[in-house]
Amino acid sequence: MGSLMLDRREFVRQLLIDRGDLLVVSGLGSATYDVGAAGDHPLNFYLWGAMGGTAMIGLGLALARPDRRVAVLTGDGDMLMGIGSLATIGVKQPKNLAIVVLDNAHYGETGMQASATQAGIDLIAMALACRFRRATAISRIEDAAGIRALLHSGEGPTLINAHISSEDVPRVLPLRDGHAIKRRFIAALDANGRVPAPAP
């Protein structure tokens, strides 16, 4: 992965500066801790489980609300487990969806075992093969502002593979009640625009 590595907390903090009405879905474990550390927000949808499902939840949200920008922040382990979601996203072509993979090449929640990205598995190549409009890697904090702009205005689907340090950082635990997270998120969406009625 090279010698340059991002400080994960600072990178996520910079991505979420002046976020406005950006919808953020965070994957289980460290990605949720990082998003929580950047500041709790009613438009954060924290996943405390569902490994491998984060990108698909982001896709569903992006398709349901094409008028809103959706950012998925998750780890390499979660993305690898849900790798087939890249194909579905490529078929659906949501213009309002960006996925940021916080890639430390390890499974942080289960003991820091090496993930497949440490062995050279290339998430960028996979995303491009799945017809993502843009897929790029980042390892310099100076590039965070450009990535933040993509979250807010770039035409998706987009995948950013952020090479982050594997350093263990203190956990920041935001709201953990799944029902409360859902209700708060729906209320915040409703406050910013009409929420579609559920299908009969």
Mind giving me the nanometre distance, one decimal, between the label points for D7 and R140, set 7 Å out from Cα along Cα→Cβ? 1.8
antiparallel share of DSSP beta bridges within the chain, to nearest 5, in %, is 5
Going by a ≥ b ≥ c, the root eigenvalues of the Cα gyration tensor, does region 1-82 fall in the rounded group (a/c under 1.5), the prolate group (a/b larger than b/c) or the oblate group? oblate
How would you order 88-100, 138-150 from highest to lowest mean count of nearby Cβ atoms within 10 Å? 88-100, 138-150
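The numbers here are math on the coordinates, done by the rules we state, and not lab data. Just so you know, these numbers come straight off a predicted model, no measurement behind them. We place every Cβ from the backbone using ideal geometry, glycine too, and count neighbours over all the protein chains shown.
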